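The structure appears below as structure tokens.
The values are calculated or read from the model by the stated rules, or taken from the named source; none is laboratory data. If you're wondering where the values come from, they're calculated on a predicted model, not measured in any experiment. Positions of Cβ are generated from backbone atoms using ideal geometry, with glycine treated the same way; all protein chains shown enter the neighbour counts. These area figures cover heavy atoms from the full protein model, side chains too; ligands, DNA and RNA do not enter into them. Shrake-Rupley method; radii C 1.70, N 1.55, O 1.52, S 1.80 Å.
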Amino acid sequence: MRSAALKLEAVGKRQPDSPQNWLFERIELQLEPGEFVAIRGESGLGKSTLLHIIAGLERKDAGEVSLCGQNVDSLDDDARTLLRRRQIGFVFQSFHLLPQLSARENIALPWRLNALPRRELRERVEALAEQLGIVQRLDALPRNLSGGEQQRVAVARALIHSPTLVLADEPTGSLDPERASDVLSLLGQMGTAAGAAVLMVTHSAAAAAIAQRRLEMRRDGLHPL
Ligand SMILES: Nc1ncnc2c1ncn2[C@@H]1O[C@H](COP(=O)(O)OP(=O)(O)O)[C@@H](O)[C@H]1O
Ligand SMILES: [Mg+2]
């Protein structure tokens, strides 16, 4: 049997400024390859914190996180870093493109970090850019791209190394909701077509509605929406 792309068991995080209280607790989630799931929740509930915990950017205070069937706490630091770098693609809310790199170089970053074969890179960047409608913009710097183009570059970067899990944190920046959600549907389609599991968090019910499965985040866990 294929292992789950992501499994969360009783994951909890304490409030940074009052650690006697939980920000959230008892988060349970299993995501299979090819699934597109959205978690909706109010601002300040800890959605970004939860994605950062999954991506290893923040520490959890309770529970277990498994990626591709491996409990991340059972690995040493190097193995954990490699697993995450190889298996996760991340689309941040404000895209986090590196300002001094062209769109093409930004998209290529996860590929280079994973030392994947150089000869396939150009082809893959162009194929993704084609699907996202940004082929003509690949040599531009982020500051010369529109918000929508930056979002598309961020999506291509999250998919370039064929990760098992794509995490998307309200990846709408300052875009108007309708334009932003076109690309989010595309992210879901492209990710799941490539066999990845896609997990998006958002405060917007409209954005969550494009996913196959929707959950509501509350302090005490995830609930069907
Ligand atoms: N670095 C930090 N220091 C102190 N409090 C923080 C920090 N980051 C987040 N928080 C608090 O943690 C809570 C959850 O934040 P966040 O995960 O960004 O929520 P969401 O993404 O759901 O809006 C918020 O109440 C926020 O104020
Ligand atoms: Mg957030």
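Got a sec? What order do ASP169, ASP176 fall in by accessible area at 1.4 Å, biggest, i.e. largest, first?
Numbers: ASP169 10, ASP176 75 Å².
Heavy-atom accessible area, descending, gives ASP176, ASP169.
Rg to Rh for the range 145-200: what is it, with Cα atoms only and Rh by Kirkwood? Rg/Rh: 0.95. In the assembled protein chains, SER74 presents an accessible area of approximately 90 Å² (probe radius 1.4 Å). Annotation: average projected area of the range 1-57 is 4.7 square nanometres, based on the convex hull of Cα atoms across all directions. Note on the range 92-194: the C-alpha convex hull projects to 6.0 nm² when averaged across all orientations.
Can you sort TRP111, TRP22 by solvent-accessible area, 1.4 Å probe, largest first?
Sorted descending by solvent-accessible area, the residues read TRP22, TRP111.
Heavy-atom accessible area, probed at 1.4 angstrom with all protein chains present, ranks THR81, THR192 as THR81, THR192, highest first. Rounded to the nearest 10 Å², what accessible area does MET200 show when all protein chains are kept and the probe is 1.4 Å? In the full protein context, MET200 sits at about 0 Å². Note on the chain: percent of Cα-Cα distances in each 10 Å bin, starting at 0 and stopping at the bin with the largest distance, equals 8, 34, 36, 18, 3, 0.
Using 0.36 nm per residue of separation minus the Cα-Cα distance, give me the extension gain between THR81 and SER94 in nm, one decimal. Walk me through the intermediate numbers first.
Working: separation 13, 0.36 × 13 = 4.68 nm, distance 2.34 nm.
Net length gain for the segment: 2.3 nm.
Using bins of 10 Å that start at zero, the share of Cα-Cα pairs per bin across the range 66-144 amounts to 16, 41, 30, 13, 1, in whole %.
Tell me, Kirkwood radius of the range 31-75 from alpha-carbon pair distances, in Å?
12.1 Å
Between the listed residues GLY34, LEU98, LEU222, the Cα displaced farthest toward the positive end of the dipole of the chain, a dipole computed from Cβ unit charges relative to the Cα centre, is found at LEU98.
Each Cα pair of the range 73-115 feeds into the Kirkwood radius, which the Stokes-Einstein equation turns, at 25 °C and 0.890 mPa s, into a diffusion coefficient of 206 µm²/s.
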